[in-house]
Amino acid sequence: MMNEMPAVIEVIGLKKYFPLPRRHPGQARSQVHAVDGVSFTIGRGETLSLVGESGCGKSTVGRTILGLAKPTAGEVRLDGIRIDNLPRRKLRPLRRRMQVVFQDPYSSLNPRLRVREILAEPIANFSLAHSRAEFSARIAGLLQKVRLPADAAARFPHEFSGGQRQRIGIARALATEPEVIICDEAVSALDVSVKAQVVNLLADLQDELGLSLLFITHDLAIVEHLTHRVAVMYLGRIVEAADRDSLFTRPWHPYTQALLSAVPVPDPAASRQRMILKGDVPSPVDLPRGCRFQSRCPHVFARCRTEEPELRAVGEAQWVACHLDRRPGG
């Protein structure tokens, strides 16, 4: 799934398998196919949203891009430089260009450190300030960017609400002046109104700083207001990829349609036909032959049980991994 914008991140055929322990000596080792051949690009100043149910592999994709997990196969490139196989000493200077905002604002901040110390740590790690005055100025600027008062620097994480803590997490990610920020379920632990505030903040920061965002989430309602493109994952693979308008107005894959049908409609008078998926999700250890969605798909036919579909273009900016010749319900 490629993009016309100049790519800052390229993910090519990414795979990540986790071996399971043997139950007895001599047993063949099984593997969890967490990510199984994922490819996409993220353009400069663009947001790509990676969506899907829990366990589909989307967070593993983010961790592998960051170098927190080594890929089983495939490549990750930053501005054309392959980074997945770099030794630590060569990867270190590139790390400041990619940062992460984690899901849980309560556990991702060290409770023993004041906010100024939390923000000073990445600044010091990459030698971005050399005097107390420079550190103070950078920390004050970061707090201003995430709309927190200057006196927040002297306080501990437990003195803030969940939304404020996530703003601190965003400020920490911005401390190294990155080009790419990976938001791993960054708003899923927040209340609805706070989610909207944090999403608006991320959008404003992207406009101001030209950031590229990989927004990992299961919440399509949030995605619609933040993203440029969407990639839908199911059991380790991308099953549909499209620009925002195409995906939300003309979803092709039955799984995408089911996800969208579950998004709440703000207008009480409006109605949306809910698509209930039946059947069980296959095990990522023992994947079925053919299409991975076949056990839950209402349109399954013989070819689906023998041949795994590849991503193919079904529109100007839309790709789908499905054997159907026309969009269901289209």
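Cut-off is 10 Å between beta-carbons; in what order do Thr72, Thr249, Thr47 appear when sorted fewest neighbours first? Intermediate results must be reported in sequence, preceding the final value.
Details: Thr72 17, Thr249 9, Thr47 23.
Least to most surrounded, the residues fall as Thr249, Thr72, Thr47.
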Per GNM of the chain with C-alpha springs under 10 angstrom, the most fluctuating residue out of Arg289, Arg229, Arg237 is Arg289
For the chain, the longest principal axis of the Cα atoms and the Cα long axis of helix 192-209 enclose an angle in degrees, to the nearest 10, of 70 degrees
On each of the three principal axes the extent of the alpha-carbon atoms of the chain, given in whole Å and largest first, is 69, 61, 40
Computed over the range 33-118, the distribution of all Cα-Cα distances in 10 Å bins, rounded to whole %, is 13, 42, 34, 12, 0
From fewest to most C-beta neighbours within 10 Å, the residues Val239, Val35, Val263 line up as Val263, Val239, Val35
Partner lysines whose C-alpha sits under 23 Å from that of Lys70, ignoring same-chain residues fewer than 8 away, are Lys15, Lys16, Lys58, Lys90
Reduced to Cα centres, the span from the range 74-137 to the range 20-60 in Å works out to 24 Å
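Find the Cα radius of gyration of the range 91-191, compare it with 2.2 N^0.38 Å by division, and give the number to two decimals.
Numbers: Rg = 12.8 Å, N = 101, 2.2 N^0.38 = 12.7 Å.
Cα Rg divided by the expected 2.2 N^0.38 Å: 1.01.
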By the rule of another cysteine's Cβ lying under 4.7 Å, the cysteines of the chain that fail to get a partner are Cys56, Cys183, Cys297, Cys322
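With r as the distance between the Cβ atoms of Ser261 and Asp151 and R0 = 45 Å, compute the FRET efficiency 1/(1 + (r/R0)^6) and round to 0.05.
Numbers: r = 46 Å, r/R0 = 1.03.
So the FRET efficiency works out to roughly 0.45.
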Percent relative contact order for the chain, counting Cα pairs under 8 Å at least six residues apart, stands at 19 percent
Tilt, helix 162-174 to longest principal axis of the chain (alpha-carbon atoms), in degrees rounded to tens, equals 80 degrees
Over all pairs of different Cα atoms in the range 1-157, the reciprocal of the mean inverse distance gives a Kirkwood radius in Å of 18.5 Å
Stretched fully, the stretch from Ala302 through Ile12 gains (0.36 nm per residue minus C-alpha distance, one decimal, in nm) 101.4 nm
Assertion target for Trp319, Trp252, ordered by fewest C-beta neighbours within 10 angstrom first, is Trp319, Trp252
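Readers should treat all values here as calculations from the given coordinates under stated rules, not as data from a laboratory. Bear in mind that the values here come from a model prediction, so they are computed numbers and not experimental data. Because the Cβ atoms are built from the backbone with ideal geometry, glycine has one as well, and the counts that use them run over all protein chains shown.
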